[in-house]
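Please read the structure below before turning to the comments.
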């Protein structure tokens, strides 16, 4: 599974960080989101799918490789 | 089919959001909608009512629907077109009306100022405003949380954020209230329409003055100055968009958070055990805030979308231009999406909250509203731990908001 971030949408609310801290991190200095991996391993897929659902800006999506 | 239609017509007539009963507690009526008519054409409001969580979320994300009120089938029938064309013109350049590329371009100019981190930096300023508003309260005497407290805070916070003097706060209120009434213009009583337009005209003139003044007297590091500079550079913001954006910040910042603060205090005072928990653990206030938005939302109805084309939603035909009112209050009590929705539980996970919308038009000020609610109510509770309700909350008439006209409390001794 591949993670796609719409950077026009992301406003660093950080809700995804709570849902999947292994994948998302807030860059405190820059106040922007960092994505730690774009290829999502199977054990993290459920968490990433949750992050996609809870993003208040609908900035996240996934697609099959 | 005929029978179904008459049945639905009956339900439409049964929906009475302007009754005092609904204002006090809209949730039984909303539950009836969810159960018997989750997608109902409401004749009086000339719109569809959407009451279930899944359908609300679907429509918030659905590209077949727009936030642009110009797309409404009755838009051109709004007397604003002839009587207040400056308002119509301004709306065309606002964040709800711009096309996707323009919306992204304009929103990005201000969104860095509204991230959780950026708003957190405003905490000392918000605290100072809350302290000052509260310092006018006399301990032991009756204090009106709605008029003496909630009403005064958000307008000062957005004013401080934009570097605008406190003397403008009444004008902000007046303008914001008039603009919010225009969200559902058919609900404005005919006798009040001219006064509504007059308030909007005054507000637009005020924004013009504020921008002109800041253009002459720029302030280092100031949001409004940076927007004016972006406009002067010409490629990222035009003059009409600048006016509409400043208007949006003032309207968004002046009104809704007032009701959030009032409803937070009301819900705490009605739950003495919860109040004790909050006093012991002030961090719980974050969950209280989310739960007040979910469980006892101050909105009577919800937010609007307009169909861009003839289409259908779950088999129901929707005509181009029809208005969909997404009942966020109802959706957040939907048992098919929320676990034990009728229990007030500040410890529940709030990540599924749609109180501030969802998607491209997610409330820009959500983090600021949260900060203001936490600081305002947290400070009130910490300073007056023995505060008690004095009589009943009084709700006033309002087309869209369960407006607390008065919430009298006995503050008790300050700490």
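Couple of notes before you dig in:
- Qualifying residue in segment B:325-346 (condition: assigned to a strand (DSSP E or B), over 13 Å from the mean Cα position of the chain (by Cα) and away from chain A (no Cβ under 14 Å)): yes
- Residue B:314 at pLDDT below 95, farther than 18 Å from residue B:407 by Cβ, within 14 Å of chain A (Cβ to nearest Cβ) and surrounded by fewer than 16 Cβ atoms within 10 Å (Cβ to Cβ): no
- Residues in segment B:71-88 that are exposed (fewer than 15 other Cβ atoms within 10 Å of the Cβ) and either touching a helix residue (DSSP H, G or I) at 6+ places or on another chain (Cβ under 7 Å) or under 10 Å from residue B:321 (Cα atoms) (or both): B:74, B:79, B:81.
- Filtered by the rule that a residue be touching a helix residue (DSSP H, G or I) at 6+ places or on another chain (Cβ under 9 Å), more than 14 Å from chain A (Cβ to nearest Cβ) and surrounded by fewer than 19 Cβ atoms within 10 Å (Cβ to Cβ), segment B:119-136 gives B:123, B:125, B:127, B:128, B:131, B:132, B:136.
- Failed item in (1) under 30 Å from residue B:158 (Cβ atoms); (2) modelled with pLDDT of 95 or more, with residue B:348 passing the rest: (2)
- Positions within segment B:164-177 being in a helix (DSSP H, G or I) and either within 19 Å of residue B:299 (Cα to Cα) or at pLDDT 90 or above (or both), in sequence order: B:167, B:168, B:170, B:171, B:172, B:173, B:174, B:175, B:176, B:177
- Just so you know, in segment B:137-163 the residues that are out of contact with any helix residue (DSSP H, G or I) (no Cβ under 8 Å at 6 or more places or on another chain) and assigned to a strand (DSSP E or B) include one that is surrounded by the fewest Cβ atoms within 10 Å (Cβ to Cβ), and it is B:142.
- Helices (runs of 4 or more DSSP H) within segment B:61-118 that include 2 or more residues within 20 Å of residue B:207 (Cα to Cα) and away from every other protein chain (no Cβ under 14 Å): B:80-83, B:85-92
- Selected residue [surrounded by 24 or more Cβ atoms within 10 Å (Cβ to Cβ) and either in contact with a strand residue (DSSP E or B) (Cβ under 7 Å, 6 or more places away or on another chain) or at pLDDT 95 or above (or both)] from B:289, B:260, B:266: B:289
- Of the listed requirements (1) modelled with pLDDT of 95 or more; (2) more than 9 Å from chain A (Cβ to nearest Cβ), residue B:362 misses just one: (2).
- Qualifying residue in segment B:178-185 (condition: out of contact with any strand residue (DSSP E or B) (no Cβ under 7 Å at 6 or more places or on another chain) and farther than 25 Å from residue B:70 by Cβ): no
- Total residues in segment B:46-67 satisfying the condition of being in contact with a strand residue (DSSP E or B) (Cβ under 7 Å, 6 or more places away or on another chain) and buried (at least 18 other Cβ atoms within 10 Å of the Cβ): the figure is 11.
- Matching residues, segment A:5-55, being in a helix (DSSP H, G or I) and more than 10 Å from chain B (Cβ to nearest Cβ): A:17, A:42, A:43, A:44, A:45, A:46, A:47, A:48, A:49, A:52
The values are calculated or read from the model by the stated rules, or taken from the named source; none is laboratory data. Just so it is clear, the structure is predicted and the values come from calculations on it, not from any experiment. Heads up, the Cβs are rebuilt from the backbone with ideal geometry, glycines too, and the neighbour counts pull from every protein chain shown.
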